[in-house]
Structure formats: C-alpha cells, structure tokens
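What follows is a short report on a single structure.
Bear in mind that the values in this text are calculations on the coordinates, not laboratory data. For clarity, every value in this text was computed on a predicted model and none was experimentally measured. Neighbour counts are summed over all protein chains in view; Cβ atoms, including those assigned to glycine, are modelled from backbone coordinates with ideal geometry.
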Amino acid sequence: MFKLSFPRWLFFGFSLVVAGVLDAASGSSGEALLPVPLEAYSEIEAARASELGIPSEDFGLVEILKLRVAAEPLNLVTLMLFLGAIMHTFAAGWFMKLSKKYE
C-alpha cells in the first residue's frame, strides 16, 4: 500500500487549495491567470521606459525584475525559490564538510 508522509500530504493539500483559488479567481472568462504573457511585460517595460524617457533596452536586470514583480507579485516568490535553489547547489559541499566535522 502506498503511504504518504505528513509533509507530502501537506504539500498535496496546499497544491489543491492553490489550484482551486486560482481557478476561482480566473472567473468565468476561461482565461488563465498564470503565466502572464511575455507581451504584457514588454508593454509594462515600454510604458516605464517612456515615463523615464529612455529606451527599454537600457533597463538593467534589477529594473526589469522590479517591474515584473510589481506586475505579478508571484514572480517574487518564484525568484526567491530560484535563487534559493542556486545557493543550495553551491552550498551543498560546504554543508557536507560541516556535517562530517560534527559527525
């Protein structure tokens, strides 16, 4: 028999709740809320560039990320998870050395 641990049940339940909320929030139009089309970000970046009087190609990475997080706050969560995964990858060796030291 297949047995799920508590964290897996918790993750599974949370996923169902999030899916339900996103489905309810999308309304009856049938349009998907996520992912936001890249064209929408391009329009936001172009509007901000015209406010500043510079071409949108001159935006740096930080400015682009700020605009995209302002447009869709879930982008901040995904960015933090992505950065955490990268840091975990490079820190894994250090944690292994630390664990051997205190073993």
query = Where the centroid of each part is defined by its Cα atoms, how far is region 70-103 from region 50-67 in Å?
reply = 28
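Can you tell me the length gained on complete extension of the stretch residue 76 to residue 12, counting 0.36 nm per residue apart and subtracting the Cα distance?
Full-extension gain reported as 20.8 nm.
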key: Segments 62-72, 36-46 sorted - mean Cβ within 10 Å per residue, highest first   = 62-72, 36-46
inquiry  = On a full-extension model of 0.36 nm per residue, what is the gain between residue 52 and residue 87, subtracting their alpha-carbon distance, rounded to one decimal in nm?
reply    = 9.2 nm
